[in-house]
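The values are calculated or read from the model by the stated rules, or taken from the named source; none is laboratory data. These figures come from a predicted structure and were not determined experimentally. We place every Cβ from the backbone using ideal geometry, glycine too, and count neighbours over all the protein chains shown. What goes into the accessible areas is simple: the full protein's heavy atoms, side chains included, and nothing from ligands, DNA or RNA. Shrake-Rupley method; radii C 1.70, N 1.55, O 1.52, S 1.80 Å.
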Amino acid sequence: MKVMIVVTHLLGTGHLSRALTLGRAFVAEGHETFVVSGGMPAPQLDSTGMTLLGLPPLRSDGTNFTRLLTQDGSVADEAYLTARKIALVEAVRSFAPDILITELFPFGRRSLAAEFLAALDAAQALRPRPVVLGSIRDILAPPSKPSKAERAEEIVMGYYDGILVHADQDVVPLNISWPVSDQLAQRLCYSGFVAPPAPVPHKDATGKDEVLVSAGGGSVGQPIFRAAVEAARKMPNRRWRLLVGGQDAKARIDELRQLSADAPVTLETVRPDFRQMLPHAAASVSMCGYNTALDLLQSGTPAVFIPFDDGNEVEQSLRARTLAEMPAIDVIPSKDLNGEMLARAVDRVISAGPREVSDQGFDGAVQSVRIAKDLLERRG
């Protein structure tokens, strides 16, 4: 079976990370897997066994997802966007997938609708036509007006055989964050949560008993790191390790180094072995993106979440409020964040942890493969 996954991450790397986890599940079952990525390069992520094609890369201007920037920070013009669309359409035609998966679209990435729709039209013209699936996380950014939900549903009904919802319907049904009509409900296929295997503790016990602070692979999160430096000063007997991501990581680390001269802090760029460090950590401080939340549920590490809520984003806040009902998890709204509050929250979750860990419900990537195969076989 030939599988093609199309994904563009614009701010952090979470969307690409989840798409690659899905891709590895197809590879594990012997399927030829081709991932087309339209975001900034993220070499720290594992694409083993897959063909990875990078379109001319884009990122958002902070949380303004309608203002798209190239790698050098200039605004992407029409010629640049057209080049992406042509490359994507050619990839669909030349690879001729049996399964085509679009990550987030049409429930998001509206600013890139032209290239996604061109790819879907190219897929419709193939013979045989591939099974077309959407791939979405547990919680979406709610539509700002009904017309956006109506347009997304119109595209689903016109092009898609199913929408993979990477969640447990009994835990986080899609209608918590998105209006689900009877018609749309018939297309939804809940896969369970998409996560890699539970993290194996680091062989060198790197990060043991430290507070591990992360903010994803993008360039947001500097307020979290600044608060962490302040909090570390208030807990002088506990080492804090800050993992800084994004294209400007070096400059941001330089700024933090000036702030942390007398604090028990280690400063590094994001690490590919982050997940292996979690089981050793005394606590984690992070935003509450889908992938990070699952990593922490799988590791049982005590956690303080500072949900990303710039630009009226609500997805992470909704997720964090749900998780805060569990032991050894605390949530600090970004508007309330300061070093004193963070130090108290970290102390609380360390005292309450670690949590009991379950291995149930995290096989969404494997279940997604099964759903895709079933739909392809059913169509004959």
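Quick rundown of the values:
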read-out: Condition check for Ser135: surrounded by 14 or more Cβ atoms within 10 Å (Cβ to Cβ) and modelled with pLDDT under 95; value: no
read-out: Qualifying position, being touching a residue at least 12 places away in the same chain (Cβ under 8 Å), among the acidic types (Asp, Glu) and closer than 23 Å to Leu22 by Cα, among Glu115, Glu210; value: Glu115
read-out: Candidates Leu243, Leu337, Leu342, filtered to the one that is in contact with a strand residue (DSSP E or B) (Cβ under 6 Å, 6 or more places away or on another chain) and either over 25 Å from Pro197 (Cα atoms) or free of Cβ contacts under 8 Å to residues at least 40 places away in the same chain (or both); value: Leu243
read-out: Exclusive hit being surrounded by fewer than 17 Cβ atoms within 10 Å (Cβ to Cβ) and charged (D, E, K, R), set Arg127, Arg109; value: Arg127
read-out: Cross-chain or 6+ apart pairs with Cβ under 7 Å, region 72-84 first and at pLDDT below 95, then open to solvent by less than 50 Å² (accessible area, probe 1.4 Å); value: none
read-out: Some residue of region 203-213 being touching a Lys or Arg at 6+ places or on another chain (Cβ under 7 Å), on the phi < 0 side of the Ramachandran plot and either open to solvent by 30 Å² or more (accessible area, probe 1.4 Å) or modelled with pLDDT under 95 (or both); value: no
read-out: Every residue from region 220-264 that is over 30 Å from Leu58 (Cβ atoms), open to solvent by 20 Å² or more (accessible area, probe 1.4 Å) and of a type in the set (A, V, I, L, M, F, W, C); value: Met235, Leu259, Ala261
read-out: Filtered residues of region 215-232 (kept if touching a strand residue (DSSP E or B) at 6+ places or on another chain (Cβ under 9 Å) and either in a loop (DSSP other than H, G, I, E, B) or modelled with pLDDT of 95 or more (or both)); value: Ala215, Gly216, Gly218, Ser219, Gly221, Ile224, Phe225, Ala227, Ala228, Val229, Ala231, Ala232
read-out: Inter-residue pairs, beta-carbon under 6 Å, first more than 18 Å from Leu16 (Cα to Cα) and part of a strand (DSSP E or B) and in region 55-66, second of a type in the set (Gly, Ala, Ser) and open to solvent by 40 Å² or more (accessible area, probe 1.4 Å), 6+ apart; value: Thr66/Ser111
read-out: Counted residues, region 1-18 - those being in a helix (DSSP H, G or I) and farther than 22 Å from Gly62 by Cα; value: 0
read-out: Residues satisfying the stated conditions in region 283-296, i.e. in contact with a strand residue (DSSP E or B) (Cβ under 6 Å, 6 or more places away or on another chain) and open to solvent by 10 Å² or more (accessible area, probe 1.4 Å); value: Thr292
read-out: Residue ID - nearest to Leu10 (Cα to Cα), chosen from residues in region 40-62 that are among the hydroxyl-bearing types (Ser, Thr, Tyr) and open to solvent by less than 60 Å² (accessible area, probe 1.4 Å); value: Ser60
read-out: Sole residue being under 20 Å from Met287 (Cα atoms) and out of contact with any helix residue (DSSP H, G or I) (no Cβ under 8 Å at 6 or more places or on another chain), chosen from Gly12, Gly54, Gly62, Gly73; value: Gly12
read-out: Flag for Leu278 being buried (at least 22 other Cβ atoms within 10 Å of the Cβ), in a strand (DSSP E or B), touching a helix residue (DSSP H, G or I) at 6+ places or on another chain (Cβ under 7 Å) and not small (Gly, Ala, Ser); value: no
read-out: Odd one out for Gln186, checked against (1) open to solvent by less than 60 Å² (accessible area, probe 1.4 Å); (2) at pLDDT 95 or above; value: (1)
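Yes/no per residue for (1) buried (at least 23 other Cβ atoms within 10 Å of the Cβ); (2) out of contact with any Gly (no Cβ under 6 Å at 6 or more places or on another chain):
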position: Thr8; (1), (2): yes, no
position: Arg24; (1), (2): no, yes
position: Glu29; (1), (2): no, yes
position: Gly38; (1), (2): yes, yes
